[in-house]
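**Student:** Handing you a structure now.
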Amino acid sequence: MSDSNFTKIFTGNFIIVQRIISELEKININAIVKDQTESARLAGFGGGIIPGFQQIFVHKDELDKAIEIVESINADMQT
């Protein structure tokens with residue numbers, strides 16, 4: 001996803017990614033989820049970098065709001 005208008009905002013497990021995606025959708029941010037392990041499996045290759053981990057990308061125009069959501073969820077998980 002280099003040289004694009006999208007920026008990676010999070011890498012983590014499926015459950016946390018789904019929570020972040022849900023919160024982003026509530027504020028009308030459509031994120032892209034990239035799962036290298038699943039992509040490799042579907043293509044007939046071995047696993048990805050870290051099995052079960054996904055990446056979330058958002059458009060650069062929505063970056064500030066999206067980062068606030070990620071930071072809020074991370075703070076909730078720390079308590």
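The values are calculated or read from the model by the stated rules, or taken from the named source; none is laboratory data. In this text, all values refer to a predicted model and were calculated from it rather than measured experimentally. As a convention, Cβ positions derive from the backbone with ideal geometry for all residues, glycine included, and neighbour counts pool all protein chains shown. Surface accessibility is based on the protein's heavy atoms, side chains included, excluding ligands, DNA and RNA. Shrake-Rupley method; radii C 1.70, N 1.55, O 1.52, S 1.80 Å.
**Student:** So, in segment 38-63, how many residues would count as being among the aromatic types (Phe, Trp, Tyr) and at pLDDT below 95?
**Tutor:** Here is the first cut: in segment 38-63, the ones among the aromatic types (Phe, Trp, Tyr) are 45, 53, 57.
Imposing the further condition that a residue be at pLDDT below 95 reduces the set to 45, 53.
Residues in segment 38-63 being among the aromatic types (Phe, Trp, Tyr) and at pLDDT below 95: 2 in total.
**Student:** Moving to a separate point now. Which residues, taken from segment 57-79, are of a type in the set (Ser, Thr, Tyr) and under 16 Å from residue 17 (Cα atoms)? Let's see the steps before the verdict.
**Tutor:** First, the residues of segment 57-79 that are of a type in the set (Ser, Thr, Tyr): 72, 79.
72, the sole residue that qualifies.
**Student:** For residue 72, are the conditions met, namely being open to solvent by 50 Å² or more (accessible area, probe 1.4 Å) and at pLDDT 95 or above? Outline the logic, then answer.
**Tutor:** On the way: open to solvent by 50 Å² or more (accessible area, probe 1.4 Å): yes; at pLDDT 95 or above: yes.
Answer is yes for this residue.
**Student:** Further, regarding this structure: Mind checking whether some residue in segment 25-37 is surrounded by fewer than 11 Cβ atoms within 10 Å (Cβ to Cβ), at pLDDT 95 or above and of a type in the set (D, E, K, R)?
**Tutor:** Yes, that holds for at least one residue.
**Student:** Do you know which residues across segment 3-24 are open to solvent by 100 Å² or more (accessible area, probe 1.4 Å) and without any contact (Cβ under 8 Å) to a residue 24 or more places away in the chain?
**Tutor:** The answer is 3, 15.
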